[in-house]
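Just below is one structure, and these are the notes that go with it.
Read-outs: derived from the displayed coordinates by stated rules, not from any lab. Computed from a prediction, not measured in an experiment: that's the story for all the values here. All Cβ positions, glycine included, derive from the backbone under ideal geometry; neighbour counts span all protein chains shown.
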Amino acid sequence: MSGEDWVFWVSGSFAVLGALGLVFSRKAVHSALWVAFTMINLAVLYIANAAPFLGMVQIIVYTGAVMMLFLFVLMVVGVDSSDSLIETLRGQRIPAIGLGLGLAVLLVVGVGNGLVNSGTVGLVEANSIDGGNVEGIARLIFTDYLIAFEATSALLITAALGAMVLAHRERWLPRATQQELSKARFLSGSHPGNLPTPGVYARHNAVDTPALLPDGSTSEESIPRPLQARGDIRAVDHHEVNEIKEVDSQ
C-alpha cells in the first residue's frame with residue numbers, strides 16, 4: 001500500500017475507535033475527549049486528501065476551541081452520567097430517531113454515489129479551478145451551498161441554546177450566606193473548625209503520626225482516612241513525649 005493508504009487506514013480506524021468511545025463512555029467528560037480524538041484524526045484525513053485548510057480548521061476551531069469549550073463547561077457544571085438519563089425535553093425521541101435515520105440514508109447515498117460514479121476527480125483538480133483550496137471552498141459556500149451554510153449556522157445557534165437549557169438548574173432556595181453556613185457548622189454537632197494536623201513531636205513529622213490533644217491523648221481525626229483504613233497509624237511513644245517535656249521544662 002502507498003503512504004496515502006496507510007494514512008487512511010490508520011487515521012480512519014482511530015476515528016472509528018473514537019466514535020465508539022464517544023457512544024459507550026459512561027461519563028460526559030470522557031465522551032468529549034473521545035470526540036476531540038476523532039476530530040484530530042479527521043483533520044489528518046483532510047490534510048491527506050489535499051484539503052489543508054479544512055484540516056487546520058478542524059484542529060484549530062473544532063478541536064481546539066469548540067470541544068475544549070464543551071469540556072470546560074462539563075467540568076464546571078459537573079454533569080455526570082446520571083444526568084444523561086433524565087429527559088428534560090419531552091417528545092424528542094421520535095424526531096431524533098427520524099433525523100438519525102435520514103442522516104444514515106444521506107451517508108449511504110453519498111458514499112454509494114462516490115463509489116459508483118467514475119467521473120469524479122480529486123481535490124487537486126478541483127482546487128486548480130479556483131486557484132486554491134480556500135478559494136474553492138469560499139466559492140462553493142457562498143454560491144451553491146449558501147442555504148445549507150446558513151441552515152448550519154442556525155443549527156449551531158440552536159445547539160448552543162439547547163446546551164444552555166440542559167445545563168441550567170433552577171435554584172428553589174436562596175444561596176446560604178457565610179453567617180448561615182457558620183451557624184449550621186457549629187449546630188451540626190461535628191467538629192466545627194479545621195481538623196487537627198498530624199503531630200510534630202519527638203523526631204516524628206509525618207502524616208501517619210496522630211496529633212496530640214491538650215490532655216495528652218491522640219486524635220485519630222488528624223490521620224487521613226486511607227491510612228486509617230489500612231491501619232498505617234504510627235503508635236505514639238509517650239516516653240519520648242515526656243522526655244521532650246522534661247527538656248523543655250529545664
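Based on the Cβ-Cβ distance of S217 and F186, what FRET efficiency does E = 1/(1 + (r/R0)^6) give at R0 = 30 Å, to the nearest 0.05?
0.85
Name the residues whose placed amide hydrogens come within less than 5 Å of the amide hydrogen of T209, ignoring near sequence neighbours (fewer than 5 apart) on the same chain.
Excluding prolines and chain starts, which carry no amide H, the hits are G199, R234.
Let me make sure I get this right: for the range 1-78, a, b and c are the square roots of the gyration tensor eigenvalues over alpha carbons, sorted descending. Under 1.5 in a/c it's rounded, otherwise prolate if a/b > b/c, else oblate. Which is it?
It is oblate, given that a/c is not under 1.5 and a/b is not larger than b/c.
Taking 7 Å along the Cα-to-C-beta vector as the label spot, tell me the F24-V108 distance in nanometres, rounded to one decimal.
A separation of 2.4 nm, rounded to one decimal place.
Fewest first, what order do Y145, Y46 take by the number of other Cβ atoms within 10 Å?
Listed from fewest to most nearby Cβ atoms, that is Y145, Y46.
Please work out whether the range 124-168 counts as rounded, prolate or oblate from its C-alpha gyration tensor, where a ≥ b ≥ c are the square roots of the eigenvalues and a/c under 1.5 means rounded, while otherwise a/b larger than b/c means prolate and anything else oblate?
The shape class here is prolate.
What does the extension gain come out to for N49 and T177, with contour length at 0.36 nm per residue minus their alpha carbon separation?
The span from N49 to T177 would gain 40.2 nm if fully extended.
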